[in-house]
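Visitor: Mind having a look at this structure? Questions to follow.
Since every read-out is calculated from the coordinates, none of them should be taken as a lab result. Only a predicted model underlies this, so the values are computations on that prediction, with no experimental measurement involved. Neighbour counts run over all protein chains shown; Cβ positions are idealised from the backbone, glycine included.
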Amino acid sequence: MVPLLIPMEGDEHGWPPGVHSFDSRPLFPALGPEWGWLNNHLIQAIIGAAVVIGFWLWMARGQQVVPGRKQFLGESLYNLLRNSIARDILGHDFRKFLPYLVALFSFILVNNLFGQLFLFMFPTFSKIGYAYGLAILSYIVYNAAGIAKYGFGSYMRRMTLPEGVPVALWPLIIPLEFLSNFIVRPVTLAMRLFGNLFAGHLVIMVFVVGGSMLLTMTEPTAGFPVPLLNTAGVVSLLFSLAIFALEILVAILQAYIFTVLTAQYISSAIAEEH
Amino acid sequence: MSGQGGADQGYRILSIMIAGLLAYGTLGWLLDRWLGTAWFLPIGLIVGVALGIYLVVVKFGRSQ
């Protein structure tokens, strides 16, 4: 592989794709570096939020007792989230958290699908900062819910001291539970979302960019004849379609998992004694 | 808590196991640095895993 890759470093195709392929571009480079924060990925996230808000507002307009086609679609989506995530996990308290969970799921899903959408071709959450942002939001929500229900002291006690541990082991278990509940949880929540989308997008780029490069080659490279290179390019582009399909599945699955885990964390924060 | 299968519980168990390794591995590593020894880190890692498994059993082993 190495002799094949090295002559193409710095190629105009951007080969090989790597971490640099995920760099944001400032939207108005003419305005100078102080406007650098206004980049294409931020705009993409804002468009994602606008799409989600617009979609649910549109679905909520003109509700009737006998639902039409549009209302039926909206209600089915909403009920799916309401019944299979919120009510199943949170039990009778689920109404308070339902708006957050629905918004979370739709926002992540829309942003993930941007990775497969030709307008953007980039999943927003493959920038880790956006994933951290969402995890912090969920972290605040579930801790605030727990503190609001039990008060700070008894919430901390509940979260760091599981029942059924003998007193002798408390000093050993408390730091472990604290770390698990307050640090590892939110970090893994963000990492899981980021890692899945980052890796998926990178694989797609390897197949698409590499495939189109092989397809357009006109002279033998690294000892391979041109027809073989071009055939490999066609195969690689065809295979990238399969990966696109897989990535759509991953996009839905990761939005679902993030929402389920947020609901699960809320539920463990406000759970009744048992 | 039904319907979601084991995935969410699995992730919670995973976070406990990671926390065990992190907490006691870090403690062992710090002791090693402080005392100039080399055997606190492996001991810390083993203790961390053992406590993690114990905690998983305490938290998730009873409901069945």
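Visitor: Given segment A:147-274 reduced to its alpha-carbon atoms as identical point scatterers, what log10 I(q)/I(0) does the Debye formula return at q = 0.20 Å⁻¹?
Guide: Taking Cα atoms of segment A:147-274 as identical point scatterers yields -1.09.
Visitor: So how tilted is helix A:170-179 from the main axis of chain A? Cα-based, degrees 0 to 90, rounded to 10.
Guide: Around 50 degrees separate the two axes.
Visitor: Something else about it: Could you list log10 I(q)/I(0) for segment A:17-169 at q = 0.09, 0.16, 0.17 Å⁻¹, which the Debye formula gives when each Cα is one point scatterer?
Guide: Log-scaled intensity ratios, in q order: -0.47, -1.04, -1.10.
Visitor: Can I ask one more? Using the Cα centre as the reference, give the magnitude of the dipole from point charges on the C-beta atoms of chain A (Lys, Arg: +1; Asp, Glu: -1; all else neutral), rounded to the nearest 20 debye.
Guide: Value, rounded to 20: 1000 debye.
Visitor: For segment B:10-60, what number results from the quotient of the Cα radius of gyration and 2.2 N^0.38 Å?
Guide: Compactness ratio reported: 1.22.
Visitor: Let me know the Rg and Dmax you get for chain A when you use only its Cα atoms, in Å.
Guide: 23.7, 74
Visitor: Moving on. By count of other Cβ within 10 Å, fewest leading, how are A:SER21, A:SER236, A:SER106 ordered?
Guide: A:SER21, A:SER236, A:SER106
Visitor: Same structure, new question: With axes computed from alpha carbons, what is the tilt in degrees of helix B:7-35 against the longest principal axis of chain B, rounded to the nearest 10 within 0 to 90?
Guide: The two axes meet at around 10 degrees.
Visitor: Just subtract the alpha-carbon distance of A:PHE28 and A:ASN40 from 0.36 nm times their residue separation and send over the number in nm, one decimal.
Guide: Net length gain for the segment: 3.4 nm.
Visitor: Counting only the backbone N, which residues of segment A:193-217 are under 19 Å from the spot 7 Å out from the Cα of A:LEU241 toward its beta-carbon?
Guide: Residues A:204-216 fall inside that zone.
Visitor: For segment A:98-251, calculate the relative contact order in percent as a whole number, restricting contacts to Cα pairs under 8 Å that are 6 or more residues apart.
Guide: After rounding, I find 25 percent.
Visitor: Counting other C-beta atoms within 10 Å, which of A:PHE239, A:PHE22 has the fewest, and how do the rest follow?
Guide: A:PHE239, A:PHE22
Visitor: Helix-only mean residue ellipticity at 222 nm, chain A, DSSP H runs n ≥ 4 weighted -39,500 (n - 2.57), per residue, nearest 500. What is it?
Guide: Taken over chain A, the calculation gives -22000 deg cm²/dmol.
Visitor: Report, to the nearest 10°, how far helix A:69-81 tilts away from the longest principal axis of the Cα atoms in chain A, using its own Cα long axis and a range of 0 to 90°.
Guide: 70 degrees
Visitor: Could I ask something else about it? Would you calculate the convex hull of the Cα atoms in segment A:89-169 and tell me its volume per residue in Å³?
Guide: So the per-residue Cα hull volume is 144 Å³.
Visitor: Still on this structure, please answer the following. Could you line up A:ARG185, A:ARG61 from fewest to most neighbouring Cβ atoms inside 10 Å? Before the final figure, lay out the partial values.
Guide: On the way: A:ARG185 25, A:ARG61 10.
Ascending Cβ contact count within 10 Å gives the list A:ARG61, A:ARG185.
Visitor: On to the next question. Work out, step by step, the length gained on full extension between A:ALA60 and A:LEU117: first 0.36 nm times the residue separation, then minus their alpha carbon distance; give nm to one decimal.
Guide: That works out to 18.0 nm of additional length.
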